[in-house]
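Bear in mind these aren't lab numbers, they're just calculated from the coordinates by the rules spelled out. All values derive from a computational prediction rather than experimental measurement. As a convention, Cβ positions derive from the backbone with ideal geometry for all residues, glycine included, and neighbour counts pool all protein chains shown.
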Amino acid sequence: MIHFVLLIVCAVAIYLSCEWFVNAVEWLGERLNVGKMAVGTILAAFGTALPESVVTLVAVTTGATDEAKNIGVGAAMGGPLALATVAYGVTGAMLLLKRRKDRAAAVLAGAGGPSVDVSPPGGEALGDAKDMKRLAKDQKWFLPIFIVKVALGLVAFAFKPALGVLFFAAYAVYFWREIRSSRADDTGGDEEELEPLKLQPKAASPATWAVVGQTLAALVVIFFAAHFFVKQLDVIGPMLGLSATVTALLLSPIATELPEIMNAVIWVRQGKTRLALANISGAMMIQATVPSGIGLIFTRWHFDGALLWSGLITMAAIVYLLLTMRAHKLTPARLGVAVGFYVVFAVGLIPILS
């Protein structure tokens, strides 16, 4: 029972620390003069994905056996899977709930009378053609890199470890492109106004040391709370009759990506949908490159059936999202469908692991 209590405590700690983190990282973006979208794709994504990359690095460099090192390989594959399915699905569900709540409030307040929009809350697209093109661009970056990442797990050759450097280079190019395009295309809109920094709530313009301090402190809490959350799952999984393998492949990826999911939930609640989606796509780019580069350099990077299955499901989810975005038909309901791919992954694991 204590492990279930600790699991809830960790989840609450992650959510609260993410509240402080997204509050601080928006101010950090303002201080660094980066575009609004880069706050999500670069600053927030890098901050929450960095601890996971460190965990992967420790696993592959200190593991005494190939099996221990493969924990890092599993993390490098599980992260993008959870983000492409669960994170997007939860974001879609939160958007549906928020739209229903907003419409109900408008009706109760009599806003617009008979002209109140009563169309289904899941039927309105998430942004205009420009927004869809912007979102699709990240998926088009991610997909070819991820395909190469999976393909390398199916072959063996002498210089494969050296290719890890190319993944770091790919992220460097993405980073440079994001900073430039975000500044050029930044329209801000309803996302321009920043909430007061929680560390200095009465300051119209908080001190830089407070912004940096709050960002780093929140990241430290997120890192340890997420790490402890995973530890509790490792204990609870067998208690529920789940094997260690199933726990590692199904539950641990969701736990490690919980900060990104929480960030998206908070930004959706604040009406900052673009930042929520940008945070997920930016985190996916980091997960597709940095942990992969580390894994290629320090392990054999060889996939078994379960890892290959996770890669195929991730690619299927991204293709679905990319096609929906390019058709300008991405709605909260269609975004929520992404979580169904994770269900397919879970069902497909049964024959693979049996």
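Observations, loosely collected:
- Computed about its Cα centre, the charge dipole of the stretch 241-349 is approximately 440 debye, with only Lys, Arg, Asp and Glu carrying charge at their Cβ.
- Proximity of backbone amide H atoms, modeled 1.01 Å from N, is registered between His328 and no other residue at under 5 Å, excluding neighbours fewer than 5 places apart on the same chain.
- About the Cα centre, charge dipole magnitude for the chain (Lys/Arg +1, Asp/Glu -1 at Cβ), debye: 480 debye
- Projected label distance in nm at Ala217 and Met1, using a 7 Å step from Cα toward the beta-carbon: 3.5 nm
- Gyration tensor (alpha-carbon) shape descriptor, the stretch 205-260, a/c threshold 1.5: prolate
- Between the helical axis of 339-353 and the longest alpha-carbon principal axis of the chain there is an angle of about 10 degrees.
- For the peptides 151-164, 30-43, the ranking by mean Cβ contacts within 10 Å, running from highest to lowest, is 30-43, 151-164.
- With Cα atoms, 0 to 90° folded angle of helix 273-298 axis to the chain main axis: 20 degrees
- Approximating the spin labels as points 7 Å out from Cα along Cα→Cβ, the Ala104-to-His302 distance works out to 5.5 nm.
- Cα shape, the stretch 185-337, gyration tensor, a/c 1.5 rule: oblate
- Where only DSSP H runs of four or more residues are counted, the chain gives -24500 deg cm²/dmol as its mean residue ellipticity at 222 nm, each run worth -39500 (n - 2.57).
- Shape category assigned to the stretch 268-317 from the gyration tensor of Cα positions, a/c cut at 1.5: oblate
- Nearest 10 degrees, 0 to 90: helix 2-32 Cα axis against the chain principal axis: 60 degrees
- Farthest toward positive dipole pole in the stretch 204-354 [+1 Lys/Arg, -1 Asp/Glu at C-beta], among Tyr342, Phe298, Thr208: Thr208
- Take every Cα pair under 8 Å whose residues are at least 6 apart in sequence, average their separation, divide by the length of the chain, and the relative contact order is 43 percent.
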